[in-house]
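Below is one structure, written out as structure tokens; the observations come after it.
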Amino acid sequence: MTFPVTPIDHHDGWLWTPVRVRPRTEKVVARYCEDRGIRFYLPLWRKVSRHQRRTVESFLPLFPGYLFAQLGPTESEDIVLSHKIVRIFRMDTGAESILIDELRSLQIIEQANVTAEPLVAPELVAGTRVEITDGPLRGLIGMVEKRGKTTRVCVNVDMLGQSVTVDLDVGELAVSE
């Protein structure tokens, strides 16, 4: 199950806000928002598994227990009526602008994960701050992380204390200062 792509942009009177939901209710709350015209974004990752000779594809929340919604005063009250909300985080316009940039980065990463994963040459040192210079992730900044024979770039979503890891080709990276 996937949801339509929501443009992540600022509108006066509404703020993009992280919303903590009850366990395993992310998609239920997303459908609730969709039915009521509340703009939301639920980052999903594709999981492919095999069960008894068949391949099963599923889409799971990237941040279990969270989704992001663009809320005004009436939308905040409406989303609480779903009875699935644990907490709505308080946001101001400064924090929202940071969150908007991070959500846009997540959308780019989601779309990049649908395409082929490039092969990576391990030439960069772990902990190096890099900027992605080519491909669909162009402009994002992350940290190089070593795992086996691959070089990975982490794009952090600081609001949730978690990070997203993407495999990239060394040719798509430049050392950032």
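The values are calculated or read from the model by the stated rules, or taken from the named source; none is laboratory data. Note that the coordinates shown come from a computational prediction; the quantities given were computed from them, not determined experimentally. Note that we place each Cβ from the backbone using ideal geometry, even for glycine, and neighbour counts take in every protein chain shown. The area values use the complete protein model at the heavy-atom level, side chains included, leaving out ligands, DNA and RNA. Shrake-Rupley method; radii C 1.70, N 1.55, O 1.52, S 1.80 Å.
As a test question: what accessible area, to the nearest 10 Å², does residue 141 have when a 1.4 Å probe is rolled over all protein chains in place?
Rounded to the nearest 10, that gives 70 Å².
Tally Lys/Arg at +1 and Asp/Glu at -1 over every other residue whose Cβ is under 15 Å from the Cβ of residue 39; what's the total?
Overall, the nearby charge balance is -4.
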